[in-house]
Amino acid sequence: MLYGLLNKTGRNAVRKGWMFFVLSLGVVFAFVSCDNEHCDDSMYCPMEISFYSQIDTSEKLAPPLLLMKGIGSDSIMNFSGKQQIYFPLNPNKETSQFLFLMEPYAEKIKYVAVKTDTLRSEDEILSIKYYLNDEEIFIKNKIGKAYMFSNDTICLFQNGNFYKPLLDTLNITSDLCHHFLSSECGYLTTFTLKKLKFSQGGVGSILIKNNSVTNKYNDRHVNIYLENY
Amino acid sequence: MIGMSTYIWRIISLLLLLCLPCFSLSAEENKDEDKKAEKIFFYGVYVDYDLGDLLMSAINSQRFGTNASIEVDLMHLLYPAFEFGYEEYDSAPDYCYNNTSGNEQTQGVTNDIKGIYYKLGVNINLLKKDYSKKLTPYGFLGFRYAVAPHYSYDIAGFALNSSYWPLDDSNGSDRIEWLSGNSKAHWMEFIAGVSTPIYKGFCMGAELRFKQFLSIRDVKDENNLYLISPSYAPGYGDKEDGKWGFRYTISYFFH
């Protein structure tokens, strides 16, 4: 009713004021209700290794026992029975080192004189004590047939015998690039492989197929041709 | 991914914006018969200022932006335009960096962007032209080519991604040091809008813009150890975010 009492100029001013209010609401609703954003990119750049026979290089192999541990990390990766493996390189250093633990070749088995003292109650085993060189040792970790003892001895156990595994260190040298993607993702570290080498040279030969390690899914990087397989 | 609630609110705001022609253009109904006035080439120049940027700066304390434009009225048909603006924005606190479990904003990280930008383009008036008047309302479609030629970024507080390896804290922190540099971005904008006189040469207008990103320059440091891909450009916003923009202007017509 009040609107009808206004003259033409006043009615126009009221209409424009209402337009301003509607537009302001539009701006406010459009922008103040944004959700926080999470990262949609994959931030994982794993390196890939495929295993082949050195005797027949086209034959794919899956080592029955393969444990890897990054030197500097506490975590052990169990890749037993896998023909193709993926694992993370160290984003802080140009050289990543991994301890390789595998089943030794049949002709290179060395037994370890670990003695056991088993305490039983009827058919139940209550405890087992281990001794090496008359010194009691304790199990720190056990993965499959691999025993890691308190004196840093690592043994494999099969058919009642302890024996030494095949141990070697894989040294991977690469160029790093820390790629800042966005505020929600942060940095993604990619690698350009330069050199791979086993310290002891007892595992097998290495071929770099693709030296670019990125967050691309299912990339192939390195072939290892296992000796005596 | 943008939450569903964001889409719902943006649809509501778009509907509100589409109400605009009902109010502005109906108020300017010309009951006079068409005047066969002589068309001239140059009618005048609009200088406008974006009030939407000021409103956004008031709502969002991490952001400050301002922009203005100059438009030339040619034959009440073509309106060549030049826009320029400045924006500062710390985009990091809006995101849940390294936090996949909830929606808490990240603390202690910085991704500051600041710089000027320019836009050049033209609007085409689709409404009926009244050549007897110098200042008339117009509804238009238009486009802009935009460039932020040399804007700066400052990034700090982010850490390398490493769940398996221990982080390097030899420098007293597991965060990467402060990095800064300059980058350049190009994009296109497609515009639909209206402008209407309100009082003695003053006009108000509103525009809806669809932005299409063209390129943003990645920056490598001299050792090739860091590669920065800026995701935010002043005048455009986040290139991974929505492509819609809005401008709400007040202008003065010089003739």
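The values are calculated or read from the model by the stated rules, or taken from the named source; none is laboratory data. All figures in this text were calculated on a predicted structure; none of them were measured in a lab. Cβ placement follows ideal geometry from the backbone for every residue including glycine, while neighbour counts extend to all protein chains displayed. Side chains are part of the model used for accessible areas, which takes the heavy atoms of the whole protein and leaves out ligands, DNA and RNA. Shrake-Rupley method; radii C 1.70, N 1.55, O 1.52, S 1.80 Å.
Sort out which residues of the range B:195-211 are of a type in the set (A, V, I, L, M, F, W, C) and open to solvent by less than 20 Å² (accessible area, probe 1.4 Å), and write them in order of number.
If the condition is that a residue be of a type in the set (A, V, I, L, M, F, W, C) and open to solvent by less than 20 Å² (accessible area, probe 1.4 Å), then B:CYS203, B:ALA206 are the ones that fit.
Conditions (1) assigned to a loop (DSSP other than H, G, I, E, B); (2) buried (at least 17 other Cβ atoms within 10 Å of the Cβ); (3) at pLDDT 90 or above, marked per residue:
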residue: B:PRO93; (1), (2), (3): no, yes, no
residue: B:TYR97; (1), (2), (3): yes, yes, no
residue: B:THR100; (1), (2), (3): yes, no, no
residue: B:GLN105; (1), (2), (3): yes, no, no
residue: B:ALA146; (1), (2), (3): no, yes, yes
residue: B:ASP154; (1), (2), (3): no, no, yes
residue: B:LYS184; (1), (2), (3): no, no, yes
residue: B:MET188; (1), (2), (3): no, no, yes
residue: B:ILE191; (1), (2), (3): no, yes, yes
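May I ask you to list the residues in the range B:212-231 that are surrounded by fewer than 19 Cβ atoms within 10 Å (Cβ to Cβ), assigned to a strand (DSSP E or B) and in contact (Cβ under 8 Å) with a residue 24 or more places away in the chain?
First, the residues of the range B:212-231 that are surrounded by fewer than 19 Cβ atoms within 10 Å (Cβ to Cβ): B:212-215, B:217-225, B:227, B:229.
Filter again for assigned to a strand (DSSP E or B), leaving B:212-215, B:219-220, B:227.
Once the filter is applied, which keeps residues that are surrounded by fewer than 19 Cβ atoms within 10 Å (Cβ to Cβ), assigned to a strand (DSSP E or B) and in contact (Cβ under 8 Å) with a residue 24 or more places away in the chain, the range B:212-231 yields B:GLN212, B:PHE213, B:LEU214, B:SER215, B:VAL219.
Among the residues of the range B:205-244, write down those that are at the interface with chain A (Cβ under 8 Å from one of its Cβ atoms) and among the β-branched types (Val, Ile, Thr).
Listed by number, the list holds a single entry, B:ILE228.
Please go through the range A:177-203 and give me each residue that is within 15 Å of B:ILE228 (Cβ to Cβ) and either touching a Pro at 6+ places or on another chain (Cβ under 8 Å) or aromatic (Phe, Trp, Tyr) (or both), ordered by number.
Within the range A:177-203, A:HIS178, A:PHE180, A:TYR187, A:THR189 meet the criteria.
Among residues belonging to the range A:176-204 that are farther than 26 Å from B:PHE158 by Cβ and open to solvent by less than 30 Å² (accessible area, probe 1.4 Å), point out the one that is nearest to the other protein chains (Cβ to nearest Cβ).
Filtering first and then ranking leaves A:LEU196.
Looking for something touching a Gly at 6+ places or on another chain (Cβ under 8 Å) and within 30 Å of A:MET77 (Cα to Cα) - is there at least one such residue anywhere in the range B:147-158?
Yes, the range B:147-158 contains at least one residue that is touching a Gly at 6+ places or on another chain (Cβ under 8 Å) and within 30 Å of A:MET77 (Cα to Cα).
Please go through the range B:112-121 and pick out each residue that is over 30 Å from A:PHE180 (Cα atoms) and surrounded by fewer than 17 Cβ atoms within 10 Å (Cβ to Cβ). Walk me through how you get there before you give the answer.
Taking the range B:112-121 as the starting set, the residues that turn out to be over 30 Å from A:PHE180 (Cα atoms) are B:120-121.
Listed by number, the list holds a single entry, B:LEU120.
Residues that are within 22 Å of A:PRO165 (Cα to Cα), more than 13 Å from chain B (Cβ to nearest Cβ) and either at pLDDT 65 or above or in contact with a Cys (Cβ under 8 Å, 6 or more places away or on another chain) (or both): does the range A:30-49 have at least one? Don't jump to the end; show me each part of the working.
Step one: list which residues in the range A:30-49 are within 22 Å of A:PRO165 (Cα to Cα), which gives A:49.
Now restrict to residues that are more than 13 Å from chain B (Cβ to nearest Cβ): A:49.
With either at pLDDT 65 or above or in contact with a Cys (Cβ under 8 Å, 6 or more places away or on another chain) (or both) added as a condition, the list becomes A:49.
Taking every residue of the range A:30-49 in turn, at least one turns out to be within 22 Å of A:PRO165 (Cα to Cα), more than 13 Å from chain B (Cβ to nearest Cβ) and either at pLDDT 65 or above or in contact with a Cys (Cβ under 8 Å, 6 or more places away or on another chain) (or both).
May I ask you to list the residues in the range A:56-107 that are within 12 Å of chain B (Cβ to nearest Cβ) and among the aliphatic types (A, V, I, L, M)?
Step one: list which residues in the range A:56-107 are within 12 Å of chain B (Cβ to nearest Cβ), which gives A:68-77, A:86-94, A:96-98.
Of everything in the range A:56-107, those that are within 12 Å of chain B (Cβ to nearest Cβ) and among the aliphatic types (A, V, I, L, M) turn out to be A:MET68, A:ILE71, A:ILE76, A:MET77, A:LEU89.
Could you tell me which of the residues A:LYS140, A:LYS164 is open to solvent by 40 Å² or more (accessible area, probe 1.4 Å), in contact (Cβ under 8 Å) with a residue 12 or more places away in the chain and not β-branched (Val, Ile, Thr)?
Working: A:LYS140 fails: in contact (Cβ under 8 Å) with a residue 12 or more places away in the chain.
Within the list A:LYS140, A:LYS164, the selection yields A:LYS164.
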